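Report on one structure; see the data block that follows.
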Amino acid sequence: MLYSTFYLGDTQMAVPIPCILEIGRSFKFHPVRGAPEVIDGIINLRGKVVTIVNLGLAFEEIKIEPSDESRILIFKNNSELNEVADSDTVMETAPDNIGIHVDRISDVIRVESEELQAVPSNMVHPFYKHVVRRGDSFIIILEPSKILNLHETPDHLS
Amino acid sequence: MNLDDEVFKNFLVEMGEKLEELENGLAELEEGFSEDLINKLFRAVHTIKGGGGFFGLTKVSELSHVFEDVLMNVREGKLSFGDHMISPFYSACDALKGMHESDDFGNNQDIGQLCLELKSLETGLKKEEDPISELGDITDVEPNPVSDQTSEDDGNPTTKTELKKVTNKVEVESEKVVLEEVESKSKSPVTKLSKGNRAEKTVGQNETIRVKVDLLNKLMELTGEIVLGRNQLLRQFADMEDKSNLVAMAHMISDLQQLVLQTRMQPIGGTFTKFKRIVRDLAKQLDKPINLEIKGEDTELDRSIIESLSDPLTHLIRNCADHGLEDPSSRVSSGKDRVGTVWLQARHEGGQVVITVEDDGKGIDAEKVKAKAIANNVISQSEADSMGENEAAKLIFHPGLSTAEEVTSLSGRGVGMDVVKSTFEKLGGAIDLETKLGSGTKIIIHLPTTLTIMSSLIVRIEGDRYAVPHSELKEVILVRPEDEIQIEEIRERKVYRLRGNLIPILSMEEITSVSKDHMVDNEKKSDQKEILFLVLHSGLNQFGLLIDSIDHTEEIVVKPLAQILSSHTFYAGSSILGDSDVAMVLSANGICQSHKLHIHDLETSVQSTKSLAEMQILDMQEKQDLLVFRYSKNEQLAIPLSLVFKVEQIEVKQIQKISNNHFINLEGKNILLLYLDKYLSIESLPDDLETFYIITPKIKDFEVGIVASSIEESVHTRLNLDSPPINENAILGITTIREKITFLVDLFSLAEQVSPERFKRAELEGKPEKDRLLVVEDTPFFRDLEKTYFESVGFRVTLANNGQEALDLLLDRPNYYNLVVSDIVMPVMDGYELVKTIKSSEKLEHMPVIALTSFTEEESRDKALSAGFDGYAIKTNKENILRAVEHFLIED
């Protein structure tokens, strides 16, 4: 399967491409007053209202500030995902269109399923799904449904 | 659409309902005779006859006339009821049903036999023939005597692969009713014409087709997007010179939006009617006689809302029957009628629908509720002590509280009221409760009419924009430093004294618990400056919301919040505005809930609202909401706020001049600008204005924008009108508002001056003050029709559903109405009784009353006049109805 990779700080991460609706930049964030800090705001994506999660804050690290390099990965919602579902892999995102704000994006990589490795026990995190080795470095494959449904893991919203 | 077409369709729907009533009534009659039942049947048949006659459905009116006669004789006791009557009644009912469904409304049907049979009942002669077999004859004839199949089909059926349209035309005297063309394609060649024919007819007769709800929803959603796109386009091309195409499209989109909204609107009646059965069953089960009174069945609501209403309303009605109403014996011993009454009503109020469920039972025992709430640790003893009766009663909405001492099969399992409450809240509504121990409980539900497209006010608060739906907005208040009433602070809570009520004032900071940095110095400044706030309401609760400024009004499509944000109930959702920005939509309900305003802070205000409401009834004549504005620099003008549709700020460059008229394009509509100095002797508009305001009045067919140089405020004031010293038609009078002389503009005569041909009140010009009619009519379609007719010639019409309602209105304001126009046959209190009561009342004896009825016999005229009616007219057509009233007022 193809994965889109991106960086959070120095860490390279990836999500399956079929989950992604589009990747954009320089959106105008409309703040939602009173919303948890992890929410950057909402944007108008050609008539759709999309809520944006700041990945840095979701990992309880440094907030990602909008820059020339920063990008928004906008995910398909579950019903859009179902329309293109391929029976081999079950994927899940969220009921709504949600975007994540990342530091910068990187290459698209192809990962065969036998390359997927379990997350080492000392770095288990709810958002992590697998780890893939590429050359000298590791790429962490994320579980979109966990990041996009932060309200189900209330710790991240407080 | 032609008015008459519309009216005719309404009648057909109504006739269907009456037939259903008739059938149900006959079923009850079979079980046992009662006078009420005969009255009910009589009224149903009478309405069918009236409408049938009005639209020239001769056979319908002929048959119902005979039927009515028999019923009348039974009603008046001239003929005693016997079981042998039931089956001819059924036959007549079925025949009427057949006519209702047939293409020509039975105009070519032979009903002689049936009429004879009915008439024979009057003479007491019983026909030997079995009526059922005759019924068979009739239904055999009925299928479709006149659907005009085109001759090609007849002549050459096998070559036709497509069955062509069947157009049904019914020409009745001068009125032409064209039913919708129905096209139906059949795949196989027509071999059996009759079969194809019949299939088509079933589609055609109700003029409806089934559409998947899903499709409607998508259509709705898409229309929402189109409206949005239109708003964006209009803004994007606002500076373009030639945008006629765009404007034309915008027009069509407005129409489209209206129509699509309508497709989802349904009268609430369907849901209400089924409660009749539920109440009947409950009465049996509980062994309590219960009378259910339903009002406002024709109130329309969005389909999705109606669907969700059924369960919670059933619960509320069961509660009334089970817990509210006492046993007949205890009712009698406490001096009440044996039969308990439950009222179920719906009505429109300020863009919302209000549903009330009320019983005259024993009320809610606040002490019991409190005790239980304390036992369940819902409240503390000290909280309980400080609670009022209504406040304590509202605890029943708390999860886990039910007042029934024993659990019955009907209700009282301790779940319920909280579910009811949350159901209504999910629909964007609010629920409230008033109770009085010993005399009953009233539950009031406020609901939005539709969920998707809402007209909203866009406001700015600390740099962000928010949308506030008009349905939740009561008023906008500007507090100037020099004003007498200021926002006060009690223990760090801001409150404002709004006409005797203390209402809480909230800021966005309090609502979201997020403070903004740049706000601090803003607030400091605002101490010496003007403060602007919105008064929002949720149900009976109201509160103020501090804002910085008002942007504009916009039709918005509310998009639900992502689940990730759904815990933020103070937002109803978000919306994309015309300039593609996203704004959060505020929810008054949500704010009340998240601030628990409904429990403590507002209880006092609810109570005083109530007493205020009572006060308002006392002096309703004098107290009014006025919009105060200026045209020239110095003169202050006012118009009643109830007649204002919209106020918008406009830039001078947006005006377009065509010949001598100035127009402005607003949301796709071209609106004629009205410069008041043309019609009133006042100074002209200042030249140096860059922006000004236009006020769009809420008067049918009067789509103009009244130009104002500034909007001052809206005041709620007791109106002391002095008549104008100068003879000025369009000025109602002079009053003083905030120590300034203010002209009150008479919009109706203004409308008359602007387009005299439309507002021809000329015939009544000598008596413009005599224009307040009270129309009493039980049939919704005649009621609306009469209202439309009277209003089209400039009367101010108040409606009442029956004699009792009319009487209440009259006694409330004895000197307000100039003329009563009443139907004769009505439930609760009929026209004869009404006129007798009016004429024997000291306060009302001079009130002229006209009978407007579908009785055609001379005898009835005499009866009406001797009962005290001052005039008598028959509802046959528009001219007749209008003439009756105009003649009367002129002769007077």
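What to note about this one:
- Given +1 at the Cβ of Lys and Arg, -1 at the Cβ of Asp and Glu and no other charges, the dipole of region B:1-115 around its Cα centre is 320 debye to the nearest 20.
- Residue mean of other protein chain beta carbons inside 10 Å, B:456-464: 1
- Gained length - B:HIS251 relative to B:SER632, 0.36 nm times residue gap less alpha-carbon distance: 133.9 nm
- Seen from B:GLU683, the other residues with C-beta closer than 11 Å to its C-beta sum to a net charge of 0, counting Lys and Arg as +1 and Asp and Glu as -1.
- With all protein chains kept in place, the per residue accessible area of region A:2-157 amounts to 49 square angstrom at a probe of 1.4 angstrom.
- Between B:LYS212 and B:HIS348, the contour length at 0.36 nm per residue exceeds the Cα-Cα span by 46.2 nm.
- Trypsin sites (Lys or Arg not before Pro) restricted to DSSP loop in region A:17-78 with at most 16 other C-beta within 10 Å: A:ARG25, A:LYS28, A:ARG46, A:LYS63
- If you bin all the Cα-Cα distances of region B:72-120 at 10 Å, starting from zero, the percentages per bin are 23, 46, 25, 6.
- Residues in region B:555-579 that, when all protein chains are in place, have 40 Å² or more less accessible area than the chain alone would give (probe 1.4 Å): B:ALA562, B:GLN563, B:ILE564, B:LEU565, B:HIS568, B:ILE576
- Coupling constants for region B:578-592 follow from the phi torsions by the Karplus curve (6.51 cos²θ - 1.76 cosθ + 1.60, θ = phi - 60°), and in residue order they are x, 8, 6, 6, 9, 10, 7, 9, 7, 10, 4, 4, x, 5, 4 Hz; glycine and proline get x.
- Counting Cβ atoms of other protein chains within 10 Å of each residue's Cβ and taking the mean over peptide A:145-151 gives 2.
- Peptide A:31-41 shows a mean partner chain C-beta count of 6 within 10 Å per residue C-beta.
- Applying the criteria of a DSSP loop state and at most 13 other Cβ atoms within 10 Å to the GluC sites (Glu not before Pro) of region B:44-122 yields B:GLU76.
- When the accessible areas of A alone and B alone are added and the area of the pair subtracted, with a 1.4 Å probe, the result is around 1900 Å², both sides summed.
- In loop segments of region B:654-690 as defined by DSSP, the GluC sites (Glu not before Pro) with at most 16 further C-beta atoms inside 10 Å of their C-beta are B:GLU683, B:GLU690.
- FRET efficiency, B:SER333 to B:SER860 (Cβ-Cβ, R0 51 Å, nearest 0.05): 0.70
- Most mobile listed residue (A:LEU116, A:LEU81, A:LEU73) in chain A, GNM with C-alpha springs under 10 Å: A:LEU116
- The alpha carbon gyration tensor of region A:1-58 gives principal lengths a ≥ b ≥ c with a/c of 1.5 or higher and a/b no greater than b/c, which makes the shape oblate.
- With a simple spin-label model that places each label point 7 Å from the Cα along the Cα-to-Cβ direction, the separation between A:ARG134 and B:GLU221 comes to 3.5 nm.
- Estimated inter-spin distance, B:LYS295 and B:ASP581, nm [label 7 Å along Cα→Cβ]: 4.5 nm
- B:LYS698-B:SER87 pseudo-label distance in nm [points 7 Å out on the Cα-to-Cβ vector]: 5.7 nm
The values are calculated or read from the model by the stated rules, or taken from the named source; none is laboratory data. Please read all numbers here as calculations on a predicted model, not as lab measurements. Cβ sites come from the backbone with ideal geometry, for glycine too, and all protein chains shown count toward neighbours. Areas reflect the complete protein model, heavy atoms only, side chains present, ligands, DNA and RNA absent. Shrake-Rupley method; radii C 1.70, N 1.55, O 1.52, S 1.80 Å.
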